[in-house]
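Only one structure is covered here, and it is reproduced in the block below.
The values are calculated or read from the model by the stated rules, or taken from the named source; none is laboratory data. What you see is a predicted model, and the numbers here were worked out from it, not measured in a lab. Counting neighbours? That spans all protein chains shown, and the Cβs are built from the backbone with ideal geometry, glycine included.
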Amino acid sequence: MAQVPAPDLICVNNDTLVWDLPVVSCGTVSGYKVYGSQGDSGNFQLISDIGNPSQDFYFHEAAGGALWYYYLETLADCPGQEILSSDTLDNRIPAISPLSYVSVLSETEVEIAWETSASPEVYAYIILKNTPSGTRAIDTVFSGNTYVDTDENIQFNPVEYFVLALDKCGNTSLFDAPHQTIFLQSGEVSSCEQTIALEWTAYHNWPVPVDRYEIWYRENGAAAQLAGSVSGEALNYTFENANDQTEYCFTVRAIQSGTEISAASNEVCLTTDIVQPNRLLVAKNATYTSDGSIELDWIWNTDAEIRELAIERSEGAAAFANIAGFVTALPLDPAVVFTDEEAGGFSEPVSYRLRTVDVCGTERLSNVVNSLFLEGLASTDGQNSLNWNAYTHEYGALSRIQLFRATPSGTQVVAELSPDITAYTDLIDPNNPDLSSACYYLLADLEISLPDGTQETLAVRSNTVCLDQMPGIYIPNVFAPDGINNTEFRPFLQFGDLQEYHLMIFDRYGSMVFESRDAEQGWLGTQNGEACMQGTYVYVLRMKLSSGIDIRKEGSVLLLR
């Protein structure tokens with residue numbers, strides 16, 4: 001079925017309707033009907049019957065400045081055909097086109113986005129911006145709702161934009177509230193605080209407030225990542241833990257409440273000159289050496305700009321005191337060891353820590369490391385009692401302890417112990433002269449996990465403690481010269497070096513029957529080559545040891561026949 005198309009009502013200018021003539025194929029056009037209403041909901045009435053098919057305008061003289069709505073129909077010789085109506089337009093200027101956002105794309109590009117005007121007669125949008133010389137139109141957009149302004153260096157100032165809706169009569173909408181780009185100022189670097197302070201201008205005139213500002217950054221040209229966010233009222237942010245000699249490029253993005261529509265600022269790039277702090281300061285180990293000193297070693301980030309290093313020590317429960325200080329050279333040595341040569345005089349465990357001062361005057365303390373301290377006591381019953389402190393480390397724990405014993409014949413492991421053991425008793429063979437003097441030390445495995453993620457197994461050695469067995473004398477109380485065993489009366493010295501020896505044997509009448517100054521020569525129960533009678537005899541023994549100890553023993557012995 002054919003239709004009678006309506007004129008294309010393109011605009012209303014000062015109560016004058018303007019249209020494009022229709023193309024009618026079903027019959028001859030004889031004119032147009034103009035309908036009007038003072039309400040957009042209906043009740044339209046015929047206000048003019050135009051008999052000129054070439055006429056393309058109509059002035060509504062009776063409008064009287066009131067609000068009117070209009071539409072048109074075509075009069076044509078098309079019997080039975082459907083008559084179509086034009087768009088309905090009012091006699092007011094176009095409705096505004098609210099800005100959605102203005103967002104910086106690059107150093108010379110700003111993207112402007114807006115909503116479609118509610119007025120159907122709008123066919124284009126005029127983009128305007130404020131400049132030092134005033135507000136000027138920069139372009140007209142006939143398609144779409146975005147525009148990129150490429151004629152502006154936005155690195156130095158914020159830029160303000162407007163959008164006007166335009167109809168074909170030249171009518172434009174009113175100015176809506178302008179939107180201004182966020183202007184991010186150059187960041188202020190604090191070399192000692194390792195921070196970058198950022199400030200920016202507020203984003204205005206969204207219909208709802210800014211929910212938040214997101215701060216994005218690129219590091220040395222890498223992909224952008226989110227540094228953090230602040231509230232919609234905040235206009236500053238402090239970027240922390242900045243690295244030295246690093247290019248940072250920052251952008252601030254405003255996020256609209258409830259919609260996630262966003263607008264970006266200009267990008268600010270800078271290269272930092274940061275005082276590198278001592279981010280990694282860990283005392284790893286305090287271990288005795290074979291010569292009795294203690295070696296303390298540690299790690300730190302070698303790029304740290306440290307001015308001073310102090311070694312601090314605590315003996316027992318005493319407060320830490322400075323025992324050594326150094327002026328450091330940059331870059332720092334990654335392998336550092338301090339030798340405490342005073343360790344040989346310690347009588348209890350000691351603790352160490354490090355204190356550094358960087359060029360900004362900032363102090364930092366390391367963790368505390370302890371020595372593994374061994375003590376011992378030799379008893380008269382052939383036992384060496386050993387004990388040591390329970391070892392602790394902030395970044396690890398002992399996994400195994402070995403107890404070593406050193407004698408003139410060599411060094412050997414006498415026990416392998418679990419880390420929770422802090423005491424051990426070593427039984428001494430009285431018939432082994434090598435054990436008269438024994439030195440002990442502990443060697444433990446320390447498993448640590450450092451803050452930088454590395455794991456290490458370290459050797460922790462204790463001090464060396466030497467124990468001398470107390471000299472002992474075994475004197476038999478009976479012997480049988482004619483027997484199979486125990487045929488000689490001879491005292492035996494255990495654990496000692498003999499310097500002088502004198503043994504005398506007396507009968508019950510007080511007469512001396514035997515005398516010897518040789519410890520290897522015992523009494524065979526004779527006197528002048530003749531066998532002595534069975535009975536009880538008295539001995540007097542005098543010894544002097546190389547240690548200066550004098551020993552005198554008197555007693556009796558039974559001679560059996």
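Go over the candidates I484, I428, I475, I421 one by one and state the one that is farther than 30 Å from S379 by Cα and out of contact with any His (no Cβ under 9 Å at 6 or more places or on another chain). None of the others qualify; the one that does is I484.
Would segment 359-380 turn up any residue that is closer than 24 Å to C466 by Cα, at pLDDT below 90 and among the hydrophobic types (A, V, I, L, M, F, W, C)? Looking for residues that are closer than 24 Å to C466 by Cα, at pLDDT below 90 and among the hydrophobic types (A, V, I, L, M, F, W, C), one finds at least one in segment 359-380, hence yes.
Annotation note: of N157, N171, the sole residue that is in contact (Cβ under 8 Å) with a residue 24 or more places away in the chain, surrounded by 13 or more Cβ atoms within 10 Å (Cβ to Cβ) and farther than 18 Å from E111 by Cβ is N171. Reported count of residues in segment 432-456, each being surrounded by fewer than 11 Cβ atoms within 10 Å (Cβ to Cβ) and either aromatic (F, W, Y) or touching a residue at least 60 places away in the same chain (Cβ under 8 Å) (or both), is 1. Candidates T251, T289, T259: the one that is modelled with pLDDT of 95 or more and surrounded by fewer than 16 Cβ atoms within 10 Å (Cβ to Cβ) is T289. Looking for something surrounded by fewer than 17 Cβ atoms within 10 Å (Cβ to Cβ) and free of Cβ contacts under 8 Å to residues at least 40 places away in the same chain - is there at least one such residue anywhere in segment 366-374? No. Filtering segment 81-133 to residues that are aromatic (F, W, Y) and either surrounded by fewer than 20 Cβ atoms within 10 Å (Cβ to Cβ) or within 21 Å of H204 (Cα to Cα) (or both) leaves Y101, W114, Y123. Inspect all residues belonging to segment 312-328 and state whether any of them is under 26 Å from A438 (Cα atoms) and either touching a helix residue (DSSP H, G or I) at 6+ places or on another chain (Cβ under 6 Å) or at pLDDT 90 or above (or both). Among the residues of segment 312-328, not one is under 26 Å from A438 (Cα atoms) and either touching a helix residue (DSSP H, G or I) at 6+ places or on another chain (Cβ under 6 Å) or at pLDDT 90 or above (or both), which makes the answer no.
The C-beta contact set for segment 51-80 (first residue under 24 Å from S119 (Cβ atoms) and surrounded by fewer than 18 Cβ atoms within 10 Å (Cβ to Cβ), second residue at pLDDT 95 or above and among the hydrophobic types (A, V, I, L, M, F, W, C), distance under 7 angstrom, 6+ apart or interchain) comprises D56/V18; D56/W19; D56/L21; F57/L17; F57/V18.
Here E219 fits the description: under 20 Å from the mean Cα position of the chain (by Cα) and of a type in the set (D, E, K, R).
Does segment 153-173 contain at least one residue that is assigned to a strand (DSSP E or B), touching a strand residue (DSSP E or B) at 6+ places or on another chain (Cβ under 6 Å) and acidic (D, E)? Yes, because at least one residue in segment 153-173 is assigned to a strand (DSSP E or B), touching a strand residue (DSSP E or B) at 6+ places or on another chain (Cβ under 6 Å) and acidic (D, E). Each residue in segment 203-234 was checked for being crowded, with 16+ Cβ neighbours inside 10 Å and part of a loop (DSSP other than H, G, I, E, B), and 3 pass. Filtering segment 402-419 to residues that are touching a residue at least 12 places away in the same chain (Cβ under 8 Å) and out of contact with any helix residue (DSSP H, G or I) (no Cβ under 7 Å at 6 or more places or on another chain) leaves Q402, L403, F404, R405, A406, V414, A415, E416, L417, S418, P419. Each residue in segment 116-139 was checked for being in a strand (DSSP E or B) and under 22 Å from P158 (Cα atoms), and 12 pass.
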